[in-house]
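Working notes, structure below.
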Amino acid sequence: MYIFLVKIRVKKSTALIVGISYMFTGVIASLALSGHDGKVIVTSLVPGFFLAVFSGGTKNRLFWFFLGALFLGMGIFAPHLQLMYFTYWALFVAVLFITYNWWVVKKSPGNALKFLALSVLTLVLSLFIGFVQYFPALDYIRNFSPRGIGGKGYDYAISWSLPPVDLISAFFAKFSGVLDSYWGPNPFKINSEYIGALPLPFALWAILRNWKNSYVKFFTVLALLYILVALGGNTPFYRILYAILPGIKSFRAPAMTFFVAAFALNVLFALGMDSTGDAHTKNFRKFVLTFSGLTLFIALLLLMSKGLLQGLVPPDKLDVFRSNYNQVPFSFFRTSILFGLTGYLVLRFISKRQRTLLPIMAISAIVALDLWSLHSKFIKTLPPPDRYYAADPVVRYLEKDKSIFRVLPLFYRIDEDYLMVHNIESVGGHHPFPAQSFLEFIGAKNTVMFRPTPQSIGNILKNRKIADLLNAKYIVSQKIPDDLSRYPPDVRANLLPIKGFLDNAGIEEVAVVGGKFSIYRNDSVLPRAFLVNSYKVIPYKDQMAYILSDEFDPRREVILSDSLENFEIDENASGTIEIVERTPNRIVIDCQVSGNTILYYGDVYYSRWKARIDQSDAPVLRANHTFRAIPIPKGKHRLVMYYDSKTALMSLFVSLITLLAVLTGLVLTYRRRN
């Protein structure tokens, strides 16, 4: 950020202050809690993206376009495709602005066209640098993941829009609460958009006093544009974007696009601070008094009118709102004091060209303490990995079973991949792009998160066959009491189906470990791989209904979408199978069967999984809606299932060649530049 601001002729002392501001802003610092490192990386790189575009737009030097391609390629590797998607659109707006400046203001169409051509080259090179990150996954994201499968409609696209009360919190700390004190309309809040008390007033000052500055105009438009985007369904603007922008229908959660507005407002913060020179001292003093006085008045008004905002609060959040109401007026009081104090320092030292170290350090400290006092709440310390992931009593019990199985975790580390660390497979855990077929199979409704609720695992709780087919041999849960009357109705509604599932005949409590967790064994669980001598052809969209019906017996038949051609099943076939090798990318099974049969394998189907029987290719079929099946001919055979990574290898080659070309271009153009 510092380098970019200096490049657009912001004073170095101001660039230092605003660099600190951007570093601690909510769209970066608060994301540590949720572990969104991809978002942090992209947002941190945003100043670099704009540095390359604006520097390249000044003199059309190739060096900056190569650097821009490198930065954008790094952003793709973050990876957070949604943030990069909206970043590219923000840079598109910047390219239009610079092209207009060349063509209309400087009256140089030749340079305008050259800049456009080099910008397109930058785009292409950046996409090729990141090729290995996204291209191999496109098929999965488009056709297998609920986050990429389109057609979910406008309501899905605007889910997790930025509520207006949260937009106020972006400028006035904790107005709508934070973490447990959050009272806004979203179900929960584990991040912050707060950009600090100073960017808003200084941005307003930049607009009022320096509107003729082309940077002020551009970043004002960019900030307003991305505030509207972040508000999503709260304004009609997003519906226009939804109708005209290619690719936008694949994304939801418009609120996360606020990172561009946060960047633009911080740039305006810098431009505003640099607009407080001697010529504007008197007017700036009036502005400081007016803004601080107005925010103080709003704070007092809110303090005396506690019922003023209750109509904005969801009914289920009223208790939280009332118990934390003091932070609402304090959010305005805080901004009033901090801007008033900063305004005094600016008037006393900065505007009089006394840019000594002390006032610069004082304003830097105000900025850092303001942001850190809030965003430190989102940074939690954890024990070292060897202690945090150490085997607990549940893991130690499960590790005794050397067979192949999965665990169904209920109220046990449900949002972690803790079991995976210990090579114990789980039905739950956390995956950024879970397979749509798997979510449909377990009964997840309108969610990609695994939760022990009827809305997330409804099919498992209602139908034992689902757990059997998932190879869920063990269930881990805290003990659910027999009497649920003391729980609220919504909690009882969640616990009753789980208790009914655990009380099923054949689900036996085999251990209580750590004094807290019960381990149950599912005695009807199906093995990961087994032979089936019958199949039924049912259209894919109708398969789940048949699986959940009493008619379906997974031990006798498998459901396919198409008939097997030139392969006659022997209904009396018998045989043995043995899994002799099992890695993430390769599975080897020795089969000996008396007749043609079908091998069912209980891992999620994906089109890039291929198979060979001995030395001949064999089809991998989608079976039972979600899993895999391979026809096995009579005799003794070795079946090898393997993940076909040709696309990934080709993509890696493209990325490496492009990266090498860009680095070479950077070195050559840097030498020529010097």
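The values are calculated or read from the model by the stated rules, or taken from the named source; none is laboratory data. These numbers were taken from a predicted model, which means no experiment stands behind them. Using ideal geometry, Cβ is built from the backbone for each residue, glycine included, and neighbour counts are taken over all protein chains shown. These area figures cover heavy atoms from the full protein model, side chains too; ligands, DNA and RNA do not enter into them. Shrake-Rupley method; radii C 1.70, N 1.55, O 1.52, S 1.80 Å.
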Quick one: is residue 414 open to solvent by 50 Å² or more (accessible area, probe 1.4 Å), part of a loop (DSSP other than H, G, I, E, B) and β-branched (Val, Ile, Thr)?
no
Checking 526, 531 in turn, the sole residue that is closer than 19 Å to residue 598 by Cα, touching a residue at least 60 places away in the same chain (Cβ under 8 Å) and over 37 Å from the mean Cα position of the chain (by Cα) turns out to be 531
Within region 36-82, can you find the residues that are free of Cβ contacts under 8 Å to residues at least 24 places away in the same chain and open to solvent by 50 Å² or more (accessible area, probe 1.4 Å)?
44, 58, 59
For residue 97, are the conditions met, namely being in contact with a Gly (Cβ under 7 Å, 6 or more places away or on another chain), closer than 19 Å to residue 264 by Cβ, open to solvent by 30 Å² or more (accessible area, probe 1.4 Å) and not aliphatic (A, V, I, L, M)?
no
Within region 230-239, can you find the residues that are farther than 17 Å from residue 90 by Cβ, of a type outside the set (Lys, Arg) and either touching a strand residue (DSSP E or B) at 6+ places or on another chain (Cβ under 6 Å) or assigned to a helix (DSSP H, G or I) (or both)?
233, 234
The number of residues in region 534-557 that are touching a Lys or Arg at 6+ places or on another chain (Cβ under 8 Å) and either of a type in the set (Asp, Glu) or open to solvent by less than 50 Å² (accessible area, probe 1.4 Å) (or both) is 6
Out of 630, 589, I need the residue that is open to solvent by less than 20 Å² (accessible area, probe 1.4 Å) and over 19 Å from residue 566 (Cα atoms). Which one?
589
Residues of region 182-202 being touching a Lys or Arg at 6+ places or on another chain (Cβ under 7 Å) and aliphatic (A, V, I, L, M), which ones?
197
Could you tell me whether any residue of region 418-429 is touching a Phe, Trp or Tyr at 6+ places or on another chain (Cβ under 8 Å), at pLDDT below 85 and either closer than 28 Å to residue 599 by Cα or surrounded by 15 or more Cβ atoms within 10 Å (Cβ to Cβ) (or both)?
yes
Among the residues listed as 667, 654, 662, the single one being touching a Leu at 6+ places or on another chain (Cβ under 6 Å) and part of a helix (DSSP H, G or I):
662
Can we say residue 327 is without any contact (Cβ under 8 Å) to a residue 24 or more places away in the chain and open to solvent by 10 Å² or more (accessible area, probe 1.4 Å)?
no
Please specify each residue of region 122-163 satisfying the condition of being crowded, with 16+ Cβ neighbours inside 10 Å, small (Gly, Ala, Ser) and at pLDDT below 80.
145, 148
Residues of region 56-76 that turn out to be in a loop (DSSP other than H, G, I, E, B) and out of contact with any Ser or Thr (no Cβ under 9 Å at 6 or more places or on another chain), as a count:
1
